[in-house]
Amino acid sequence: MKRYFIEIGKMKVHITEWGQSDKPVIFCLHGLGSTSFSFIEIAEAVKNDFRIVSIDAPGHGKSTPFEASSEYEMPRFTKWLSHVLDALSITNFYFLSHSWGSFVALYFLHQNPQRVKGSILIDGGYQTKRRMKETLEEEINYYEKDFEEYIFNNWSEFFQSEKEAYTRWSPLIEVAVKDLGVEHEGKVRWHARGKTAKGIIQAMHKHETEDIYEEIHNHLLLLAPQDKDAHGEETLRVFEKSTNSVIRRVPETTHMLHWDNPYIVIEEIYRNWKA
């Protein structure tokens, strides 16, 4: 594994990479509030057969945030992502994404179908905002408060809070969780700021993935928890019908499906992407 920075314009983008350069590329994009280490268990398991490239999205981890919130909007973000891929000399790749990252993946696939050889979406891309009861303002307020007020006196308290949030724990998950905190003025706080969350939530409301479903013709595999609320079930049905994708429901998992059961993701990678 190696971690390094590239520069895209005035921005520094933090990259985590596993595997050898001559192997097929899996490009990973995490969800809102996470980092490139979100996929660490999966990457460690498949690194002998793939080159795994995972980025800290703008405003996450060690990557520079966008100056303007409008840069998180889907058309602009996917264009920026193309520049990142070009800088990494990645012509075509498999796309592995989680949550918000899957919304971006669908828009990237819509704009650049020739670059994506296959996509696995982990519980994301289908939860269209227009079908939610929660307003844009309510969702923004929730995430701004969550990101700004997640502060602890020390790393021990931070880790304890994180452990309580997940269904399982491992040495590699502990590494990924450490990446989510930063020391600031004697405290440990969340790495991403409320301004970043606001920009991303606004972007997801402005550009609905549901509007492009029928224009996506590449093979899609969506991994989703077995148990969803009414909104989740409704949006899953719309997604499945409109995209003609394959949906695999995974029991005993949550929205953090790839941490709850990384073995399912690994199994699907080899089933779909390993010749």
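The values are calculated or read from the model by the stated rules, or taken from the named source; none is laboratory data. Since the structure is predicted, the reported quantities are computational estimates derived from the model, not experimental observations. For neighbour counting, all protein chains shown are included, and Cβ atoms are generated from backbone atoms with ideal geometry for every residue, glycine included.
Against the definition (in contact with a helix residue (DSSP H, G or I) (Cβ under 6 Å, 6 or more places away or on another chain), surrounded by fewer than 19 Cβ atoms within 10 Å (Cβ to Cβ) and farther than 16 Å from GLY33 by Cβ), how does ASN112 come out, yes or no?
Taking the combined requirement at face value, the residue does not satisfy it.
Out of region 210-242, which residues are assigned to a loop (DSSP other than H, G, I, E, B), among the hydrophobic types (A, V, I, L, M, F, W, C) and more than 15 Å from LEU106 (Cα to Cα)?
none
Of the residues PHE103, PHE77, only one is at negative phi and in contact with a strand residue (DSSP E or B) (Cβ under 9 Å, 6 or more places away or on another chain); which?
Within the list PHE103, PHE77, the selection yields PHE103.
Being among the hydrophobic types (A, V, I, L, M, F, W, C) and assigned to a strand (DSSP E or B) is the filter here; which residues of region 1-51 pass it?
PHE5, ILE6, ILE8, MET11, VAL13, ILE15, TRP18, VAL25, ILE26, PHE27, CYS28, LEU29
Conditions first: (1) touching a helix residue (DSSP H, G or I) at 6+ places or on another chain (Cβ under 7 Å); (2) surrounded by fewer than 18 Cβ atoms within 10 Å (Cβ to Cβ); (3) at pLDDT below 95. LYS129 passes all but one, so which condition is the exception?
With (1) touching a helix residue (DSSP H, G or I) at 6+ places or on another chain (Cβ under 7 Å); (2) surrounded by fewer than 18 Cβ atoms within 10 Å (Cβ to Cβ); (3) at pLDDT below 95 applied to LYS129, the lone miss is (2).
Residue pairs, Cβ under 8 Å, 6 or more apart or interchain, first in region 246-261 and closer than 13 Å to TYR126 by Cβ, second surrounded by 20 or more Cβ atoms within 10 Å (Cβ to Cβ) and polar (S, T, N, Q). List them.
Listed by first residue and then by second, the contacts come to HIS255/SER99.
In region 120-151, how many residues are among the polar types (S, T, N, Q) and either without any contact (Cβ under 8 Å) to a residue 12 or more places away in the chain or closer than 28 Å to VAL182 by Cα (or both)?
Selection size over region 120-151: 2.
Any residue in region 215-238 that is of a type in the set (A, V, I, L, M), surrounded by fewer than 17 Cβ atoms within 10 Å (Cβ to Cβ) and touching a residue at least 24 places away in the same chain (Cβ under 8 Å)?
There is at least one residue in region 215-238 that is of a type in the set (A, V, I, L, M), surrounded by fewer than 17 Cβ atoms within 10 Å (Cβ to Cβ) and touching a residue at least 24 places away in the same chain (Cβ under 8 Å).
Kindly indicate which of ALA192, ALA165 is within 17 Å of the chain's Cα centre (by Cα) and under 22 Å from GLY61 (Cβ atoms).
Being within 17 Å of the chain's Cα centre (by Cα) and under 22 Å from GLY61 (Cβ atoms) holds for just one of ALA192, ALA165, which is ALA192.
Out of all the residues in region 181-199, is one or more of a type in the set (Asp, Glu), within 25 Å of GLU44 (Cβ to Cβ) and out of contact with any strand residue (DSSP E or B) (no Cβ under 7 Å at 6 or more places or on another chain)?
no
Tell me which residues, restricted to region 79-95, are among the hydrophobic types (A, V, I, L, M, F, W, C) and in a helix (DSSP H, G or I).
Listed by number, the residues that qualify are TRP80, LEU81, VAL84, LEU85, ALA87.
Got a number for residues in region 83-97 being buried (at least 24 other Cβ atoms within 10 Å of the Cβ) and in contact with a helix residue (DSSP H, G or I) (Cβ under 6 Å, 6 or more places away or on another chain)?
Summing the residues that are buried (at least 24 other Cβ atoms within 10 Å of the Cβ) and in contact with a helix residue (DSSP H, G or I) (Cβ under 6 Å, 6 or more places away or on another chain) in region 83-97 gives 2.
Can you confirm whether HIS258 is surrounded by 14 or more Cβ atoms within 10 Å (Cβ to Cβ) and either under 20 Å from SER38 (Cβ atoms) or at pLDDT 95 or above (or both)?
In short, yes.
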